[in-house]
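> Can you read through this structure? Questions will come right after.
The values are calculated or read from the model by the stated rules, or taken from the named source; none is laboratory data. All values derive from a computational prediction rather than experimental measurement. Neighbour counts are summed over all protein chains in view; Cβ atoms, including those assigned to glycine, are modelled from backbone coordinates with ideal geometry.
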Amino acid sequence: MKKKVISEQSRNSQRIKLDVNNMFAEKVGTEHGFTREELNQLQERIRQADLKIRQQRPGFMELPAQSKEVVAEIMALVAEKSGAYDNFVVLGIGGSALGNIALQTALNDPYYNYREEVRQGRPRLFVPDNIDPVRFNSLLEMLELERTAFNVISKSGGTAETMSQFLIARQAVSEQLGAEKVADHFIATTSKDCGYLIEIARREGLKTFVIPDNVGGRFSVLTPVGLVSAAFCGIDIEELLAGAAYMDQLCQTTDLWQNPAYLNGSLQYLAYQQGKPLSVMMPYVHALKDLADWYRQLWAESLGKEVDREGNRVNVGPTPIKALGATDQHSQVQLYMEGPYDKVVTFLEVEDYGVEAQIPTAYRDIQGVSYLGGHSLNQLIQTEKKATELALTARGRLNTTITLPEVNEFTMGQLIYMLELQTALVGELFNIDAFNQPGVELGKHYTYGVLGREGYTHKKKEYEKRPPKSKDLII
Ligand code: PA5
């Protein structure tokens with residue numbers, strides 16, 4: 001691949017912008033809006049939080065700088081397998097799936113899987129992110145396995161959903177193509193030395209990619225977890241990492257007025273503390289719809305915690321909500337405008353959609369329709385975003401806007417990194433561990449017990465002793 005030379009100037013013209021005007025009393029009024037002074041009072045805590053984050057140095061912060069070899073390894077595989085596959089399937093769940101979907105929706109044609117002329121020989125992408133039997137069976141029935149690659153992704157290397165998907169897909173490949181073909185159709189992306197998946201990969205001779213130990217699932221989109229499928233589908237993964245590195249530079253300062261991750265994180269934190277536990281992300285760009293889904297998991301699993309770092313019970317955590325403009329103006333905005341003052345809305349918008357969809361003039365005699373003629377869908381959706389923003393602001397509803405000059409690899413890398421760092425900061429402000437997820441373990445352990453996994457018999461017993469349901473409460 002020929003290396004693109006991108007100037008500093010064009011990098012800066014692709015810088016994403018954060019507008020927090022409508023979080024302040026001067027715009028939304030004193031009842032709900034903050035003062036600059038309130039934010040200044042947080043400054044020392046931000047410095048302390050930054051220190052702690054940089055001492056821990058969570059793995060996602062290393063990724064932009066350290067991924068050169070990984071990129072080369074991925075690109076070598078993509079080149080080696082060029083033309084070999086019509087389908088690329090990600091087997092994984094949660095943090096091992098959502099980033100793949102977010103990148104694909106953002107950076108490839110909306111109908112990529114249906115448009116050969118867009119794919120130009122690259123595979124279609126499927127990420128089931130679930131174990132629903134109807135959907136999974138249907139996917140396997142549809143795929144021509146001879147022309148399909150599967151990337152099995154699991155950091156722990158033992159997640160029941162992912163391993164079940166793998167066992168079913170592997171059997172299908174073995175039966176249809178022969179057991180000796182498994183290594184041609186499966187890649188494993190997992191931890192270097194722990195979990196069952198790495199053991200299986202070695203036994204089967206699978207190509208493997210490593211998820212660094214210090215990068216948690218939901219922070220792993222810029223590791224092979226997200227990068228392999230992206231590269232197979234033609235996304236420029238170097239530019240994604242360059243975008244993340246650029247944002248990392250912007251976020252070196254601890255001055256919260258200059259650091260976008262810290263400014264947004266501080267405001268989200270203040271909003272939560274002042275009775276606004278719901279955090280809505282609302283892109284007015286369909287391409288970012290699944291980024292909002294990825295963020296929902298990042299925010300929820302990282303910040304929803306029972307205990308703080310000292311073990312005190314805090315039961316803290318903002319509830320993330322994803323919405324989509326303009327669609328949800330016809331579903332959610334009534335509530336955001338007139339319901340309780342319990343939300344902060346983060347709009348995502350784009351300056352340049354890359355295409356223009358003109359609305360033709362017709363029915364000149366019907367004014368209620370003809371006024372649309374001569375405008376474009378671009379103008380309509382951008383105006384609707386600004387109008388909704390203004391309406392919310394006028395009603396004292398807190399909101400911020402993140403603007404992308406374009407949706408491209410460089411801006412996506414920035415946005416992902418900014419949101420990850422923002423999450424780490426808010427974790428510090430809550431004094432919780434943003435990188436664990438103990439709350440999901442109990443349900444998993446009951447499942448293991450019921451399905452007979454060794455070491456979980458006690459959970460099976462607990463499960464079987466669960467109180468019976470009252471019949472009169474089931475109607
Ligand atoms: O963010 C997380 O840690 C989780 O959402 C995990 O990604 C998810 O549970 C899947 O785990 P694993 O990659 O170990 O299969």
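> Could you please find all residues in region 413-445 being out of contact with any Ser or Thr (no Cβ under 9 Å at 6 or more places or on another chain), small (Gly, Ala, Ser) and crowded, with 22+ Cβ neighbours inside 10 Å?
Gly413
> Please tell me if Ala242 is away from the ligand (no atom under 14 Å from the Cβ), among the aliphatic types (A, V, I, L, M), over 19 Å from Met418 (Cβ atoms) and assigned to a helix (DSSP H, G or I). Reasoning before the result, please.
Working: away from the ligand (no atom under 14 Å from the Cβ): yes; among the aliphatic types (A, V, I, L, M): yes; over 19 Å from Met418 (Cβ atoms): no; assigned to a helix (DSSP H, G or I): yes.
Criteria not met by Ala242.
> Can you give me the ranges of the strands (runs of 3 or more DSSP E) entirely in region 136-214 with at least 1 residues that are under 21 Å from Asn113 (Cβ atoms)?
So the answer is 148-154, 186-190.
> Among the residues of region 119-128, which ones are within 16 Å of the ligand (Cβ to nearest atom) and over 18 Å from Leu222 (Cα atoms)?
Let us first name the residues in region 119-128 that are within 16 Å of the ligand (Cβ to nearest atom), namely 127-128.
Answer for region 119-128, where residues must be within 16 Å of the ligand (Cβ to nearest atom) and over 18 Å from Leu222 (Cα atoms): just Pro128.
> Please list, ordered by residue number, the helices (runs of 4 or more DSSP H) wholly in region 370-475 having 2 or more residues that are in contact (Cβ under 8 Å) with a residue 40 or more places away in the chain.
Working: elements: 377-394, 409-429, 441-450, 457-464.
Ranges flagged: 377-394, 409-429, 441-450.
> Still on this structure, please answer the following. Pairs needed: first member in region 156-168, over 13 Å from Gly217 (Cβ atoms); second member anywhere, within 11 Å of the ligand (Cβ to nearest atom) and of a type in the set (Val, Ile, Thr); C-beta distance under 8 Å; at least 6 residues apart or different chains.
Listed by first residue and then by second, the contacts come to Gln165/Val152; Phe166/Val152.
> What are the residues in region 129-157 that are exposed (fewer than 14 other Cβ atoms within 10 Å of the Cβ) and within 16 Å of the ligand (Cβ to nearest atom), if any?
Residue satisfying the conditions is Asn130 alone.
> Just to be sure, is Gln48 at pLDDT below 95 and more than 16 Å from the ligand (Cβ to nearest atom)?
Details: at pLDDT below 95: no; more than 16 Å from the ligand (Cβ to nearest atom): yes.
So Gln48 does not fit the description; no.
> Here is a further query. Tell me which residues, restricted to region 6-25, are farther than 16 Å from Lys276 by Cβ and surrounded by 13 or more Cβ atoms within 10 Å (Cβ to Cβ). Let's see the steps before the verdict.
In the first step, residues of region 6-25 are kept if they are farther than 16 Å from Lys276 by Cβ; the result is 6-19, 21.
Result: Arg11, Gln14, Arg15, Ile16, Leu18, Asp19, Asn21.
> Would you pick out the residues in region 21-38 that are in contact with a strand residue (DSSP E or B) (Cβ under 9 Å, 6 or more places away or on another chain) and part of a loop (DSSP other than H, G, I, E, B)?
Listed by number, the residues that qualify are Gly33, Thr35.
> Quick one: how many residues across region 292-324 are within 16 Å of the ligand (Cβ to nearest atom) and in contact with a Leu (Cβ under 7 Å, 6 or more places away or on another chain)?
Summing the residues that are within 16 Å of the ligand (Cβ to nearest atom) and in contact with a Leu (Cβ under 7 Å, 6 or more places away or on another chain) in region 292-324 gives 6.
> Also, I was wondering about something else. Return the total of residues in region 158-190 being of a type outside the set (A, V, I, L, M, F, W, C) and within 11 Å of the ligand (Cβ to nearest atom).
Residues meeting the conditions: 7.
> So, of the residues in region 82-107 that are hydrophobic (A, V, I, L, M, F, W, C) and touching a strand residue (DSSP E or B) at 6+ places or on another chain (Cβ under 9 Å), which turns out to be nearest to Ala287 (Cα to Cα)?
Start the filter on region 82-107 by keeping residues that are hydrophobic (A, V, I, L, M, F, W, C), which leaves 84, 88-91, 93, 97-98, 101-103, 106-107.
Keeping just the survivors that are touching a strand residue (DSSP E or B) at 6+ places or on another chain (Cβ under 9 Å) gives 84, 88-91, 93, 97, 101.
Working: Ala84: 28, Phe88: 20, Val89: 20, Val90: 20, Leu91: 22, Ile93: 21, Ala97: 17, Ile101: 11 Å.
Restricting to residues being hydrophobic (A, V, I, L, M, F, W, C) and touching a strand residue (DSSP E or B) at 6+ places or on another chain (Cβ under 9 Å), the top hit is Ile101.
> Another question about this same structure. Out of everything in region 57-101 that is loosely packed, with under 15 Cβ neighbours inside 10 Å, within 23 Å of the chain's Cα centre (by Cα) and part of a helix (DSSP H, G or I), what residue ends up being nearest to the ligand (Cβ to nearest atom)?
That would be Gln66.
> Of all residues in region 304-362, which are out of contact with any helix residue (DSSP H, G or I) (no Cβ under 8 Å at 6 or more places or on another chain), in contact (Cβ under 8 Å) with a residue 40 or more places away in the chain and of a type in the set (Lys, Arg)?
Of everything in region 304-362, just one residue is out of contact with any helix residue (DSSP H, G or I) (no Cβ under 8 Å at 6 or more places or on another chain), in contact (Cβ under 8 Å) with a residue 40 or more places away in the chain and of a type in the set (Lys, Arg), namely Arg309.
> For Glu441, state whether it is within 16 Å of the ligand (Cβ to nearest atom), more than 20 Å from the chain's Cα centre (by Cα) and closer than 30 Å to Gln273 by Cβ.
yes
> Let me ask something additional. Quick check: anything in region 191-214 in contact with a strand residue (DSSP E or B) (Cβ under 9 Å, 6 or more places away or on another chain), over 18 Å from Met75 (Cα atoms) and away from the ligand (no atom under 15 Å from the Cβ)?
Checked against the condition, which is being in contact with a strand residue (DSSP E or B) (Cβ under 9 Å, 6 or more places away or on another chain), over 18 Å from Met75 (Cα atoms) and away from the ligand (no atom under 15 Å from the Cβ), region 191-214 yields at least one hit.
> In addition: May I ask you to list the residues in region 102-118 that are more than 16 Å from the ligand (Cβ to nearest atom) and either under 23 Å from the mean Cα position of the chain (by Cα) or among the small types (Gly, Ala, Ser) (or both)? Before you say what the answer is, go through the steps one by one.
From region 102-118, those more than 16 Å from the ligand (Cβ to nearest atom) are 104-118; that's our starting set.
Hits for region 102-118 are Gln104, Thr105, Ala106, Leu107, Asn108, Asp109, Pro110, Tyr111, Tyr112, Asn113.
> Still on this model: Could you list, in sequence order, all residues of region 270-302 that are assigned to a strand (DSSP E or B) and within 14 Å of Val344 (Cβ to Cβ)? Lay out the reasoning, then the answer.
The initial filter retains those residues of region 270-302 that are assigned to a strand (DSSP E or B), namely 278-283.
Within region 270-302, Leu278, Ser279, Val280, Met281, Met282 meet the criteria.
> Next question, about the same structure. Considering only residues that are over 25 Å from the mean Cα position of the chain (by Cα) and of a type in the set (Val, Ile, Thr), look in region 17-56 and name the one that is nearest to Asn436 (Cα to Cα).
Ranking the candidates gives Thr35 first.
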